[in-house]
Structures are given as structure tokens and as C-alpha cells.
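Asker: Structure in C-alpha cells, see below.
Bear in mind these aren't lab numbers, they're just calculated from the coordinates by the rules spelled out. In this text, all values refer to a predicted model and were calculated from it rather than measured experimentally. Cβ atoms come from the backbone with ideal geometry, glycine included; neighbour counts cover every protein chain shown.
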Protein chains: 2
Amino acid sequence: MKISFLGTSAARPTTTRWLSCVVVQRRGEFFMFDCGEGTQYRLLQKKIRIWHRPAHIFISHLHYDHWGGLFGLIASMSLEGRQQCLQIYGPPGIRTLFLSLVKLVRKENFPLEVWECSPGLILETTEYRVLACKGTHGIPTLAFALIENMRSGKFYPDRATALGIPKGTLWGKLQAGKTIQIEGRTITPDQVVGPPRPGLKIVYAIDTRPNKHIKELSANADLLIHDATFSRMQQSRAEETGHSTAYEAATLAKRAHVRQLILTHISARFRTDEILRNEAEEVFKPSRVAYDGLTLLLPPNE
Amino acid sequence: MKISFLGTSAARPTTTRWLSCVVVQRRGEFFMFDCGEGTQYRLLQKKIRIWHRPAHIFISHLHYDHWGGLFGLIASMSLEGRQQCLQIYGPPGIRTLFLSLVKLVRKENFPLEVWECSPGLILETTEYRVLACKGTHGIPTLAFALIENMRSGKFYPDRATALGIPKGTLWGKLQAGKTIQIEGRTITPDQVVGPPRPGLKIVYAIDTRPNKHIKELSANADLLIHDATFSRMQQSRAEETGHSTAYEAATLAKRAHVRQLILTHISARFRTDEILRNEAEEVFKPSRVAYDGLTLLLPPNE
């Protein structure tokens, strides 16, 4: 999976941090988390060609800084002649927002589906699923987890050869989990294939206080993208405004046993990453602070 | 006056041209013409500090690429703690657009006035006025002229001295247009003050075919900012979509006796300015093609 941070600011953007947006690319399919103003410009800059591709857009909540780029994106998809369906998921109220706005910006050349989601399973395919849980932000807010299904185990050609199985159809059958017969012997897949490998899991939880739902959703995630609008110097401000400190995000990451934490939704008061990074690293070493343009490649788990 | 081009693309932005916006600064007051998506980012980049200043925003029409940045701008003004009234002017329908949107983005910390305008005088102060006229674009569209009042004439100190008038209050009175008495003589202002000087006139006409209203509105303008989405190679496309070619914009500029023409709302098909600039210059030499970041200083007329 390729993860691109297109906007990493809190509600007030700066010259270097724009409003929230993260894009995950997986096998030619796009998953966008929030869509702040200017997202279409960042997509052009980063040459992320979403225009005609399968795409799911997840909106955490209906504050402007999280959806302001949606309508420009849809307008440009229209002008590009998109025909693919576009799927949008968000909290209750997102359909009303769409009804008033989308007719202003869109030609009818592609289908648009808008789903008002409750916590739980919100999307499932044969390859992955997306779960949502409640954030804590004063208005209905969702955190999301994109979870790949288990992949089949690693195939060991040397073991197959040692068992006298010729390369070809039979290897394929074993790899696919089927038992085979050869020269009167029965060979089961576990003799040549390792145990199933876990898929990747990415969690997106911004504009929220840390809470138990997010901790549960994040369990063993490969990547947690979490709100860190503030440092612990602004603890009471974080509580008042429904945001998190870097310390709180790192504590949750540690308790949920995630592999890697990326802090985002950074207040304009922080001119450098240092304070937030140090505060998070004290608790949870594999932490970093996002910036606009940060791209990560998450290889499949082995 | 200082004129900043913040967005110069047609409906489909590129990596270098964003959606329409021009800002005119005059004596601490701001006049914004259209407000495409990302305007607030450009304001930050160009250090144009509109946040707490008197500001008038003129929206030419209700296609998304001309107002998509308005709500982010208003949201950020709210977060900045603006208290000044913000005035917005546009064609019929703009109030409805606002009612559905502005409540989603704005705290109530500053007054917001939204004016649905007809062609004619839409704003007048002791220093300037703004006129609107009809554009030709398929939906209600306005072109705007910002016209400064005449300034008083140039004062000639040497003439005053030659007439034996001592520097001081009497000079001030003559400059202000008053007749004075000195040693039994009557001195009239025209003896020491030149003729009144014309104020500046700027016209903004984009997303439109050239038409007679715009030609009249542009008469003798110091600066005409005009749609040139296309070149004459795409004449029929310009006619179909309610836009202009560079050739048509230059022809109108010449006939209206404007001083300077700037072409904007440039289609993404033009990778360089060359075609449009050459086409315009053939007809009207003082033409140029806008780019995002172009800033002009128009000195007062003498």
C-alpha cells in the first residue's frame, strides 16, 4: 500500500500545511480519508491519478476543513469525463450536505453513492474490509480502519521438489490450499505452504480525543494515523476542543500495539515537528509527524 | 492600486494555474474578484493579509470554480477572530447558495452581507464606485468595474509663491478648491492647481463572450482583465461554452480604448502563454497573459 499525506494541518492552514487529506493506493484502487480544500491541487502536484479509478472517500465529520475539497474534486472528475462510480462514506448528515452542494458542481456523467455510516462494518470486499468507530469531537465523528484479509501462506518450491512434485498445475493447486494426489501419495498444502499471512491494517483517527473505541479499532495495526493537534502543554485546550496531544496519541498507539504511528492535524502554532515528535517518541518510539507530501510504502506482511 | 492574480485557470486547474481569483488592494481596503478553491492558501503564500481588513468580494457567477474558495476563506476569517463586516456581491442565486453553506463553516463573530446584484451601480463610496454589467455565459453572469472618483488637480507651489501666497493654511485652502483673499487680491484655485485628475478604472470580465455591455463598461479603463479561455483556433468551442478567445478579448480592449489588457481564465490545453499572447498582441499591443502570482502596481493617473 502507498500512503500519501496531502494535507496535515489543523483547521487553520499554513503556507506548508493544508487542510486534512490522506490517500491510500492499493492495487489500483483509491481510499481517501477526508478531503480538505485544495485536495485536487495536491493530487495534480503528486501525480496521483484518481480521476478514472475506483475510489472510496471517507469523511470523518462535517467540519469544513475535512470536506471542503470534495466538491472541487467531484467537479474535476466530471470535467475529466469520469464514468466510474464514486463512493463516499461519512457520518449522519453527509447526505444532506451533498444534496445541497453536489448539484451545483457536477454533471451527471458518473454515479455517486453517499453512505451515512454507523460504527461497525461499512465496506467489505473479497480482499479487504473497512470498519468505523466513534470518535470524540463534539459532533458525530468517525475513525476508520482499512483491513486487508489474510493472505495465503508462503509457498516453498524446495519442499515441493523434495516431495517429488513437478512444477506446474499441482504447485498451483497446493498454493490455492487444495490437497493433491501424486503416485498414490496424498500431499496436503501445509507440507509446502507456510501459515496464512496477515494483511495490512491502517487506522485513521483524527479530530478526536483518544478513546476506547479507537484503541480497540487500532489493535495491532500496521499504521495508526492519529490526531495530534496539540502537545501536552495544551492539554486542557485539547480536551476542550475534542483533539489529542502527541503524548496521548503515542500512549494509545503503545497500548494498542500498533507498529507505527503518524501524527497529523497539526496546529499552526508548531513551526517545527520537534516538540510533538519528542513528546510522542518518549512513549512510543516508532512515531513521526506527518507533513504535506509525505509518502509511505507499506510492504505486505510476511 | 495593487492587483494580484491568485488563480488564472479555466474550470480545470493545473499544477501551476489554480481556479479564478484576483485581489485588488487600495488604501488598506480589499476587492476580491471571484474566489476559486484554494484562495486562502494563495493569500497565505502571497502574504495578503485580508483577514481583519475591509473587504468586498465580487462573484461573477455561480459555477463552482468561481466560488469554491469562499467558504474556506470565511472559515479562516472566523478562526482568525475577524470582527469587520464582510461584503459579498454576486448574481441572483448567491443568497441561496450562502444560506445552505455558510452556516456550515462560520462562527457568528463577524457580520456578513450578501448582495444579489443587477447590472448598474452596486457599490458607491466617497472615493470610488463599482458598476456591474451582464456577461454572456449561459447562466446569470456579471462583469465588474471598480472606478475611482476624480482626484483634485496637481498643486503648483512655484505658482503660489510667485503670486506671493505664503506656504501654510492658504495653500491648503487652494488645494481643497477654495478661493482665497490676500492683500486685497482674489486668488482662485485654478491659478495654482491643475485640472482634476481621473481616478483609476479596472474592469473584470471573465467567463463571458465579448459583448457590448462589457465594451461600454470597459471604455478607457486603465486595466481590463478579460476571459481568454481559448485561442481563435477554438472559436466555435468559445462560442459554445460562453468564453472568449484571446483575439476577441484584444479586439474588445482596442475598441474600448483601454490602456492595458490582461488575459486570464486560461484553458489547461495551453502549456505556455505564447499562442494567446501573440494572438492578442497582433490586435492590441499592451496585452499580456496572467499567471498565478502575477502582481501589478497601478500608480495614480497624473
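Asker: Which aspartates and glutamates, on any chain, are close to B:K212 with Cα under 17 Å apart, when same-chain ones fewer than 8 places away are left out?
Answerer: Excluding near neighbours in sequence, the set is B:D227, B:E239, B:E248.
Asker: Next up: With axes computed from alpha carbons, what is the tilt in degrees of helix A:94-105 against the longest principal axis of chain A, rounded to the nearest 10 within 0 to 90?
Answerer: The helix A:94-105 is inclined about 80 degrees to chain A.
Asker: Turning to a different aspect of this structure: Quick one: if the Förster radius is 60 Å, what FRET efficiency do A:E282 and B:A219 give, using the C-beta to C-beta distance and rounding to 0.05?
Answerer: According to the calculation, E is roughly 0.30.
Asker: Pop a pseudo-label 7 angstrom from the Cα along the beta-carbon direction at both B:R259 and A:H257 and give the gap in nm to one decimal.
Answerer: 7.4
Asker: For the Cα atoms of chain A, what angle does the longest principal axis make with the long axis of helix A:274-283, in degrees from 0 to 90, nearest 10?
Answerer: Approximately 50 degrees, to the nearest ten.
Asker: Relative to the longest principal Cα axis of chain A, at what angle does helix A:246-255 sit, 0 to 90 degrees, rounded to 10?
Answerer: In chain A, helix A:246-255 runs at an angle near 20 degrees to the longest axis.
Asker: Related question: Tell me, what are the semi-axes, in whole angstrom and largest first, of the equivalent ellipsoid of the protein assembly as shown as set by the roots of 5 times the Cα gyration tensor eigenvalues?
Answerer: 60, 28, 20
Asker: So for the pair B:T15, A:L112, with labels modelled 7 Å out along Cα→Cβ, what separation do we get in nm?
Answerer: 2.8
Asker: Run through the other copies and list how far each one's label point is from that of B:R232, in nm with one decimal, shortest first; the point sits 7 Å from Cα along Cα-Cβ.
Answerer: List, nearest first: 7.2 nm.
Asker: Tell me the net charge near A:W171. Cut-off is 15 Å between Cβ atoms, A:W171 excluded, with +1 for each Lys or Arg and -1 for each Asp or Glu.
Answerer: Counting the neighbours of A:W171, the net charge comes to +3.
Asker: Now, a different point. Can you tell me which lysines have their Cα less than 24 Å from the Cα of B:K154? Leave out same-chain residues fewer than eight positions away.
Answerer: B:K2, B:K167, B:K173, B:K178, B:K201
Asker: Put a label point 7 Å from Cα along the Cβ direction on B:G172, then list its distances to the equivalent points in the other copies in nm, shortest first.
Answerer: Its label point is 9.8 nm from the equivalent points in the other copies.
Asker: Quick one: which residues, 5+ away or cross-chain, put their amide H under 5 Å from the amide H of B:N149? H built at 1.01 Å from N.
Answerer: Distant-sequence amide H within range of B:N149: B:Y128, B:R129.
Asker: Put +1 on the Cβ of every Lys and Arg and -1 on every Asp and Glu Cβ in the stretch B:152-255; which of B:T251, B:I225, B:P189 then has its Cα farthest towards the positive end of the dipole?
Answerer: The residue sitting farthest along the positive end of the dipole is B:P189.
Asker: Let me ask something else. Amide H to amide H, which residues 5 or more places from B:G194 or on other chains are under 5 Å from it, using H placed in the peptide plane?
Answerer: Distant-sequence amide H within range of B:G194: B:K154, B:F155, B:Y156.
Asker: How large is the dipole of the protein assembly as shown about the Cα centre if only Lys and Arg carry +1 and Asp and Glu carry -1, each at its Cβ, rounded to the nearest 20 debye?
Answerer: Using only the charged Cβ atoms, the result is roughly 580 debye.
Asker: Same structure, new question: How would you rank A:265-271, B:170-176, highest first, on the average number of other Cβ atoms within 10 Å across their residues?
Answerer: So the peptides A:265-271, B:170-176, ranked by packing, come out A:265-271, B:170-176.
Asker: Here is a further query. Go through the stretch B:28-41 residue by residue and turn each phi into a ³J(HN,Hα) via Karplus (6.51, -1.76, 1.60, θ = phi - 60°); whole Hz please, and just put x for glycine and proline.
Answerer: With coefficients 6.51, -1.76 and 1.60, one gets x, 10, 10, 10, 10, 10, 6, 8, x, 3, x, 3, 5, 5 Hz.
Asker: Quantify how strongly other chains surround peptide A:7-15 by giving the mean number of their Cβ atoms within 10 Å of each of its Cβ atoms.
Answerer: Mean shielding by partner chains, rounded to a whole number: 3.
Asker: If the viscosity is 1.002 mPa s and the temperature 20 °C, what translational diffusion coefficient in µm²/s does Stokes-Einstein give for chain A when Rh comes from Kirkwood over Cα pairs?
Answerer: D, rounded to a whole number, is 104 µm²/s.
Asker: Around B:E282, with a cut-off of 12 angstrom between Cβ atoms, what is the net charge of the other residues, counting Lys and Arg +1 and Asp and Glu -1?
Answerer: Net of charged neighbours comes to +2.
Asker: Using the Cβ atoms and a cut-off under 10 Å, what net charge is assigned to the surroundings of A:E80, where Lys and Arg are +1 and Asp and Glu are -1?
Answerer: Result for the neighbourhood of A:E80: +3.
Asker: Sticking with this one: Measuring from a point 7 Å past the Cα of A:K154 along Cα-to-C-beta, which residues in the stretch A:193-232 have an amide N at less than 12 Å?
Answerer: Flagged as within label range: A:193-197.
Asker: Does anything in the stretch A:52-75 have its amide N under 18 Å from the 7 Å Cα→Cβ label point of A:Q84, and if so which residues?
Answerer: Taking a point 7 Å out along Cα→Cβ of A:Q84, the residues of the stretch A:52-75 whose backbone N falls under 18 Å are A:52-59, A:70-75.
Asker: Enumerate the calculated ³J(HN,Hα) couplings along the stretch B:78-85 in order (Karplus 6.51 cos²θ - 1.76 cosθ + 1.60, θ = phi - 60°), each rounded to whole Hz, writing x wherever the residue is Gly or Pro.
Answerer: 4, 5, 6, x, 3, 10, 4, 5
Asker: Whole-Hz ³J(HN,Hα) for each residue in the stretch A:235-244, computed from phi via Karplus 6.51 cos²θ - 1.76 cosθ + 1.60 with θ = phi - 60°, x for glycine and proline: what do you get?
Answerer: Couplings: 3, 5, 5, 4, 5, 4, 9, x, 10, 10 Hz.
Asker: Using a 7 Å offset from Cα along the direction of the beta-carbon, what are the separations from A:W115 to the same position in each other copy, nm, ascending?
Answerer: Spelled out, the distances from A:W115's label point are 4.8 nm.
Asker: Please report, in debye to the nearest 20, how large the charge dipole of the stretch A:49-143 is about its Cα centre when each Lys and Arg carries +1 at its beta carbon and each Asp and Glu carries -1 there.
Answerer: Once rounded to the nearest 20, the dipole reads 160 debye.
Asker: Ignoring everything except DSSP H segments at least 4 long, calculate the 222 nm mean residue ellipticity for the protein assembly as shown; use -39,500 (n - 2.57) per segment, divide by total residues, nearest 500.
Answerer: Only helices count here, giving -7000 deg cm²/dmol.
Asker: On to the next question. How many Cβ atoms of partner chains, on average, are near each residue of A:38-44 if near means within 10 Å of its Cβ?
Answerer: Mean shielding by partner chains, rounded to a whole number: 5.
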